[in-house]
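These notes are about the structure you will find just below.
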Amino acid sequence: PPQHHAPAVVQVSPTDKLTAPTDSAATGGAEASSLARHFHVAVVGLLLVAGLAYWILQPPSINPMADSRAAEAMALVQTHRAHHAPTLRQAITDRVQALAKRGQGVRLGEWRVERQGDLYLVKIFVREREARSWFEREYLWRVDLDTRSVVAVTLPASELMAADPEGPSLTDHKTPSP
């Protein structure tokens with residue numbers, strides 16, 4: 001005849017404590033996880049420090065807003081009268097849009113400012129695609145903030161400038177001696 005066994009009951013008193021294994025094989029996973037966590041924190045910290053150092057040390061030609069006079073020079077060029085547009089910035093934007101409408105490849109670069117003694121050079125590049133190759137037009141102006149003058153340095157820049165009957169022309173302009 002089948003015998004019925006009563007289930008065994010085990011009582012655990014509240015003073016009994018469970019202890020974790022103490023051999024190194026059982027804790028190796030926790031050590032590796034902790035090491036990986038420390039490694040990730042170190043990498044993120046290093047990236048943050050490198051980003052901060054780059055931001056602090058970047059040259060003004062990359063970030064003209066770091067120098068208020070460079071920002072003023074850029075604004076003076078961008079808002080200067082143009083030949084076929086209210087401003088030089090608008091003239092360049094119109095040219096880029098006209099080329100794009102014709103289906104011609106075109107890329108507008110970023111405005112950049114470089115300090116050159118007491119003067120500033122403001123430039124922007126426009127890349128245009130012809131039949132089989134790309135070429136780059138450099139628009140470059142020299143700005144004297146003391147006299148509030150903008151002088152085109154490159155031919156593409158001079159083609160955009162409105163004629164100034166009172167000021168010097170590109171061919172009459174003499175570079176100030178250092």
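Listed values, structure above:
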{"quantity": "GluC sites (Glu not before Pro) restricted to DSSP loop in the stretch 127-160 with at most 15 other C-beta within 10 Å", "calculated": "Glu130"}
{"quantity": "Furthest towards positive pole of dipole, Thr147, Phe135, Leu160, structure part the stretch 111-161, Cβ charges", "calculated": "Phe135"}
{"quantity": "Heavy-atom accessible surface of the stretch 32-150: percent carbon and sulfur, 1.4 Å", "calculated": "57 percent"}
{"quantity": "Solvent exposure ordering (accessible area, 1.4 Å, most first) of Lys101, Lys123", "calculated": "Lys101, Lys123"}
{"quantity": "Heavy atoms of Arg129 accessible to a 1.4 Å probe, total area in Å² rounded to 10", "calculated": "90 Å²"}
{"quantity": "Nearest-10 value in Å² for the accessible area of Met74, using the 1.4 Å probe", "calculated": "20 Å²"}
{"quantity": "Protein-only accessible surface order, largest first, of Ile56, Ile124 at 1.4 Å", "calculated": "Ile56, Ile124"}
{"quantity": "Added length on full extension, which subtracts the Cα-Cα distance from 0.36 nm per residue, Ala50 to Glu72", "calculated": "5.0 nm"}
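The values are calculated or read from the model by the stated rules, or taken from the named source; none is laboratory data. Just so it is clear, the structure is predicted and the values come from calculations on it, not from any experiment. No Cβ is skipped: glycine too gets one built from the backbone with ideal geometry, and neighbour counts run over all protein chains shown. We work out accessible area using only protein heavy atoms, side chains counted, and drop any ligands, DNA or RNA first. Shrake-Rupley method; radii C 1.70, N 1.55, O 1.52, S 1.80 Å.
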